[in-house]
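The values are calculated or read from the model by the stated rules, or taken from the named source; none is laboratory data. Predicted, not measured: the structure shown is a model, and the values here were computed from it. Glycine gets a Cβ as well: all are built from the backbone with ideal geometry, and neighbour counts include every protein chain shown.
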Amino acid sequence: MSGEQVPRFIFVTGGVSSSLGKGLAAASLGALLQARGYRVRMRKFDPYLNVDPGTMSPYQHGEVFVTADGAETDLDLGHYERFTGNDATRNDSVTTGKVYKQVLDRERAGDYLGATVQVIPHVTDAIKEFMQAGLDGEDFVLVEIGGTVGDIEGLPYLEAIRQLRQELGPQRSMFVHLTLVPFIRSAGEIKTKPTQHSVKELLGLGIQPDMLLCRSENPLPEDARRKIALFCNIGVSRVISAHDADPIYAVPAAYHEQGFDGEVLAGFGLPRHPEPDLARWREITRRIRSPEGSVRIAIVGKYTELRDAYKSLSEALRHGGIANNVHVEEDWVEAEQFDRGDIVGRLDGVHGILVPGGFGERGTAGKIGAARFARERKVPYFGICFGMQMAVIEAARSLAGLEEAGSTEFGPTPEPVVGLLEEWIADGQVEHRSEADDKGGTMRLGNHTARLAAGSQVAGIYDALLVEERHRHRYEVNIRYRNRLEAKGLRFSGLSPDGSLPEIVEIEDHPWFIGVQFHPELRSRPFDPHPLFKSFVEAAVTQSRLV
Ligand code: GLN
């Protein structure tokens, strides 16, 4: 089915309210088209002015998802990867900041040949270029527009997709609009008016949606669908009930049962048959719904109130649970409370401890304490990025007698066990950075190779000696401390190929104590759980039988 010249574009917009799960809806449609044998690419356009979300606080925007090619992107790209299994690229995440940067660079270079540079046509042209850039013979490109229709900053995107519809024609483009159909409890009724208003708003901008996905608590009754269809100029079969589904991996099958993918294909003049094979989606949903046991994992972090800040981590733990047929109960622990409080009482009885990625000094005493608790009590410990750095500082202080061991991330320290690497080799080139650099995009980002020590625990878990994992960090464990730490039992079991950067540490005399400098959670998929998460949850299952 691949190889046609022009791909079909599906533009996904959102109305009424944010947080309706537009990214998940788009990812689910991508998965359904893929299950029918089509090649899909998924893209996200975000209307804010940051050039990328790398500089945004996770409190504001949730996790920063890092692609294999090293772009810092919106967390929806994580959903796209988990649902389609395809690696996203830096072309698949675009912000208004990125668009303007390109337009302004061109203006400074004189590329506009004296023209007055304007939102229309220059910014909208740039948006259209980004939407169509770097494609590779895909059958469908799903373009999600961030934000909600009616936002001022979203207007150039809506104008750009309106124009693209004119250029591509209805056989090559489709507008899918996701709205909310709320249930008003006091009236005992669902309300279609917000949807009508949102469609009206789109119509005012020259966009007639082809398909409506109506988010609601319960399945949308027939009369509501008919009413929406009538007032929004859409056939009833194209008003799809997108009611709540749990877990999220049940969404593709639920949308399929409502006829979503069949209608999309019919809209493009493509056959509805054969039906997609959704057996694997049903199987993981079944496993999540009927686990054979449960383990409790403490996650000792900083952004614990906002679950979106650790989206991929939660999903990867869930994948580890699927692989072991258990439910993983996440026990979120605010690290700062340990800077003063009682760690032992709080962590006693958990089956595993995970310290995730993080930035800044706040909460570090608690994270170091959690690593110590796990090491001494022989509770499975998984340190990810910052969590590895904290475990190394802990080992340096408690095992190697380096009481002043610290990280230069928090200022000068006499024993920089974790420090800024100012020069390193990537792809055969020397890269530089310093404390004075711009903060945006100056980290070690994206895929890097690690060479694993033969016979180490991680080599067994991966069943490989070379692995490629995604990175996002500025500081490194200092290789100069290697011998002193290895002499005390902290093995440096994974290193960069040139041997200069520690990638993995493990404690030999411990059931499961592993720290990794990279982010394995970004690579885990429901159908292909990451080996480290699979193994960590397995260790937690063993631990649960002991306590
Ligand atoms: N703050 C640490 C660094 O920059 C860890 C980053 C992370 O955990 N992603 O190296």
**Message:** Can you list residue pairs whose Cβ atoms sit under 9 Å apart, with the first residue in segment 343-358 being away from the ligand (no atom under 16 Å from the Cβ) and the second being among the basic types (Lys, Arg)? Count only pairs 6 or more apart in sequence or on different chains.
**Reply:** Ile343/Arg372; Val344/Arg377; Leu347/Arg377; Asp348/Arg377; Gly349/Arg296; Val350/Arg296; His351/Arg296; Gly352/Arg296
**Message:** Is it the case, given these coordinates, that Phe183 is in contact with a strand residue (DSSP E or B) (Cβ under 7 Å, 6 or more places away or on another chain) and farther than 24 Å from Asp261 by Cα?
**Reply:** yes
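Going residue by residue through segment 316-333, is there one that turns out to be buried (at least 16 other Cβ atoms within 10 Å of the Cβ) and either within 16 Å of the ligand (Cβ to nearest atom) or within 20 Å of Arg474 (Cβ to Cβ) (or both)?
Narrowing segment 316-333 to residues buried (at least 16 other Cβ atoms within 10 Å of the Cβ): 316-324, 326-328, 330-331, 333.
Narrowing the set further to residues that are either within 16 Å of the ligand (Cβ to nearest atom) or within 20 Å of Arg474 (Cβ to Cβ) (or both) leaves 316.
Yes; the residues of segment 316-333 include at least one that is buried (at least 16 other Cβ atoms within 10 Å of the Cβ) and either within 16 Å of the ligand (Cβ to nearest atom) or within 20 Å of Arg474 (Cβ to Cβ) (or both).
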**Message:** I need the full set of residues from segment 375-395 which are within 17 Å of Arg484 (Cβ to Cβ), more than 16 Å from the ligand (Cβ to nearest atom) and surrounded by 24 or more Cβ atoms within 10 Å (Cβ to Cβ), in order please.
**Reply:** Ala395
**Message:** Only one of Ile353, Ile288 is touching a helix residue (DSSP H, G or I) at 6+ places or on another chain (Cβ under 9 Å) and buried (at least 24 other Cβ atoms within 10 Å of the Cβ). Can you tell me which?
**Reply:** Ile353
**Message:** Condition (residue is within 22 Å of Gly352 (Cα to Cα), within 16 Å of the ligand (Cβ to nearest atom) and within 22 Å of the chain's Cα centre (by Cα)) applied to segment 471-489: is it met by at least one residue?
**Reply:** no
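Would you list the helices (runs of 4 or more DSSP H) that sit entirely within segment 37-153 and hold 3 or more residues that are over 14 Å from the mean Cα position of the chain (by Cα) and surrounded by fewer than 20 Cβ atoms within 10 Å (Cβ to Cβ)? First the steps, then the outcome.
On the way: elements: 58-61, 76-84, 96-108, 124-132.
Hits in segment 37-153: 96-108, 124-132.
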**Request:** Being of a type in the set (A, V, I, L, M, F, W, C), in contact with a strand residue (DSSP E or B) (Cβ under 6 Å, 6 or more places away or on another chain) and at pLDDT below 95 is the filter; apply it to segment 1-24 and report the residue that is surrounded by the fewest Cβ atoms within 10 Å (Cβ to Cβ).
**Result:** Leu20
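Matching residues to (1) surrounded by 17 or more Cβ atoms within 10 Å (Cβ to Cβ); (2) in a helix (DSSP H, G or I):
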residue: Asn218; (1), (2): no, no
residue: Ile228; (1), (2): yes, yes
residue: Ser237; (1), (2): no, yes
residue: Ser241; (1), (2): yes, no
residue: Asp246; (1), (2): no, no
residue: Ala253; (1), (2): yes, yes
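Residue by residue, here is whether (1) in contact with a strand residue (DSSP E or B) (Cβ under 7 Å, 6 or more places away or on another chain); (2) within 16 Å of Gly21 (Cα to Cα); (3) without any contact (Cβ under 8 Å) to a residue 40 or more places away in the chain holds:
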site	(1), (2), (3)
Gly206	no, no, no
Glu217	yes, yes, yes
Lys227	no, no, yes
Tyr249	no, yes, no
Glu263	yes, no, no
Trp281	no, no, no
Pro291	yes, no, yes
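Of everything in segment 182-213, what is in contact with a His (Cβ under 9 Å, 6 or more places away or on another chain) and either crowded, with 23+ Cβ neighbours inside 10 Å or of a type in the set (A, V, I, L, M) (or both)? Give them in sequence order. Show your work before the answer.
Pass one, segment 182-213, residues in contact with a His (Cβ under 9 Å, 6 or more places away or on another chain): 195, 198-199, 202, 207, 209-213.
Passing the criteria: Thr195, Ser198, Val199, Leu202, Ile207, Pro209, Met211, Leu212, Leu213.
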